[in-house]
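Step one of this worksheet: look at the structure below.
The values are calculated or read from the model by the stated rules, or taken from the named source; none is laboratory data. Computed from a prediction, not measured in an experiment: that's the story for all the values here. For neighbour counting, all protein chains shown are included, and Cβ atoms are generated from backbone atoms with ideal geometry for every residue, glycine included. Areas reflect the complete protein model, heavy atoms only, side chains present, ligands, DNA and RNA absent. Shrake-Rupley method; radii C 1.70, N 1.55, O 1.52, S 1.80 Å.
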Amino acid sequence: MAASFLPLLLLLLVFPFGSDCFGLKGCKFDAIFQFGDSLADTGNLIRENPATPFSHLPYGKTFFKKATGRCSNGLLMVDYFALSAGLPLVNPYLKKKASFTHGVNFAVAGSTALPLNVLAQNNISSPVTNTSLSKQLDWMRSHLNTICSNKTDCTKKLKHALFFMGEIGGNDYNYALFEGKTVTQVKDMVPRVVQTIMDATKRVISYGATRVIIPGHFSMGCLPIYLTGFQTNDSTAYDEFHCLKDFNDLASYHNSKLKQAIKLLKKENRNVIITYGDYYNALFWVFRHASLLGFDRTLLHKSCCGMGGDYSFNVMQICGFPRVPVCSDPDKHISWDGIHLTQKTYQIMAHRLIHDIAPEFHCGN
């Protein structure tokens, strides 16, 4: 009898007493400004490069019934934050004639934290976009120049805005690892990546940001792209969820350094609410409770859209390419295309994050 209550109990943990009770409406955010990469891009890369696979179906098939530039079958976490705050979905900066009344999304799929010249010095290329975090910040400055008459006006306009500084930096590590760097070599990049994120946060605070979320990295060793690219017969390389430990340890190392830096930044900016977004444990929570959440346990590490190998992923036949199949029910999968997650996964993670983060913003309901 008790077991029959488990799905209901888990549902309440994900969506506690309905989304309004622990949602963001009480925070009275009037805008969202998003920086980052493909985990948050709502249409910038497809305007930089219309030839990208993200520019056409099956991307967007579940919610929008068309491709919007989101690297999933539907909504992303930033979309669920906007909905929870009672705001419209945030338009990408490069969308002409779009409304930016309630914020701007500067994120670009494939973007890095470190500038391209810094990566190049370490023999790391950025194959997807030339837009790094510094360019996104320049876009922000240009945008503010069009809406603010002076610094005081900007401070007033941004007073009730929510800023997402990332997730960013994941591609710095992805490119390095898949271009032949070792985990140890990539760990040496972490302090500089984290410092870049802190410098970017300081910059938006100088513009007038008062509430900032700085997300950490996913458990990257659980993604089909890593499970395929670094597959091994050594069973000790995998954890209890069949995720590659070395790569999850790298993500944890980054997150640890990021949290330390956030702690210092908060001391330096006591009038600004800065909080860590725990993407790592939010995704692990989904893996841990996958069956009760309605995911198929036999498909946890398989791409919904993809083909080949043990994980339905092949870098030469990625989602969006001709004749690459799409699963019949994306809601049974955690991974959408082997690199990014499904709408359902993002929804669950977003609600968990909102539940954890909202109290830090001291929002009334």
Practice problem: Along Cα→Cβ, 7 Å out, is where each label goes; now give me the distance between the ones at Thr184 and Glu268 in nm to one decimal. | Solution: 3.2 nm
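Would you mind telling me the antiparallel percentage of the DSSP bridges in the chain, rounded to 5?
Values: 3 of 19 bridges.
Just about 15 percent of them are antiparallel.
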Quiz item: Taking the chain as a Gaussian network, Cα atoms linked when under 10 Å apart, which of Thr228, Thr275, Thr101 shows the biggest mean-square fluctuation?
Solution: Thr101
Quiz item: Calculated from DSSP H runs of 4 or more alone, at -39500 (n - 2.57) each and per residue, what is the 222 nm mean residue ellipticity of the chain, nearest 500?
Solution: -11000 deg cm²/dmol
Exercise. Quick one: among Cys319, Cys222, Cys154, which has the greatest mean-square fluctuation in a GNM of the chain with alpha-carbon springs under 10 angstrom?
Key: Cys154
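Give me the percent of accessible area attributable to carbon and sulfur for the chain, probe 1.4 angstrom. Write down the numbers at each step before the final one.
Numbers: 8710 of 15890 Å².
Roughly 55 percent of what the probe reaches on the chain is carbon or sulfur.
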Practice problem: Report the trypsin sites (Lys or Arg not before Pro) located in segment 88-147 that are in a DSSP loop and have at most 12 other Cβ atoms inside 10 Å of their Cβ, or state none. | Solution: Lys96, Lys97
Quiz item: What percent of all Cα-Cα pairs in segment 115-180 falls in each 10 Å bin, counting up from 0?
Solution: 17, 39, 22, 18, 4
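Could you calculate the FRET efficiency of Lys135 with His56 from 1/(1 + (r/R0)^6), where r is the beta carbon distance between them and R0 is 35 Å, rounded to 0.05? Show your work: numbers first, answer last.
On the way: r = 25 Å, r/R0 = 0.72.
Working from the Cβ atoms, E equals 0.90.
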Exercise. Please work out the average accessible area per residue across segment 65-188, using the 1.4 Å probe convention, and give it in Å².
Key: 42 Å²
Quiz prompt | Selection from Leu250, Leu94, Phe295 lying farthest towards where the dipole of the chain points positive, charges on Cβ | solution = Leu94
Exercise. For the chain, set up a Gaussian network in which alpha carbons nearer than 10 Å are linked by springs, and say which option among Asp188, Asp337, Asp249 fluctuates the most.
Key: Asp188
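Rounded to the nearest 0.05, what FRET efficiency do Lys97 and Lys151 have when you use their Cβ-Cβ distance and R0 = 41 Å? Display every interim value, and only then the final one.
On the way: r = 28 Å, r/R0 = 0.67.
My answer for the efficiency is 0.90.
If I stretch the segment between Phe230 and Gln260 completely, what's the gain in nm (0.36 nm per residue apart, minus their alpha carbon distance), one decimal?
Working: separation 30, 0.36 × 30 = 10.80 nm, distance 2.96 nm.
The Phe230-Gln260 span can extend by a further 7.8 nm.
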Self-check item: Assigned charges on the beta-carbon of Lys, Arg, Asp, Glu; the chain dipole about Cα centre (debye)
Solution: 1220 debye
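Do any of Lys202/Lys267; Lys66/Lys95; Lys187/Lys257; Lys157/Lys263; Lys302/Lys332; Lys181/Lys245 go past 20 Å between their Cα atoms, and which? Can you show the working numbers first?
On the way: Lys202/Lys267 12 Å; Lys66/Lys95 16 Å; Lys187/Lys257 11 Å; Lys157/Lys263 26 Å; Lys302/Lys332 10 Å; Lys181/Lys245 17 Å.
Beyond 20 Å between Cα atoms: Lys157/Lys263.
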Self-check item: Rg(Cα)/(2.2 N^0.38 Å) for the chain, N = residue count
Solution: 0.95
Practice problem: Starting from the Cα of Tyr238, step 7 Å along the direction of its Cβ; do the same at Asp199; then give the gap between the two resulting points in nm. | Solution: 4.1 nm
Quiz item: Using r as the Cβ-Cβ distance of Ser328 and Arg192, and R0 as 41 Å, what FRET efficiency do you calculate, to the nearest 0.05?
Solution: 0.40
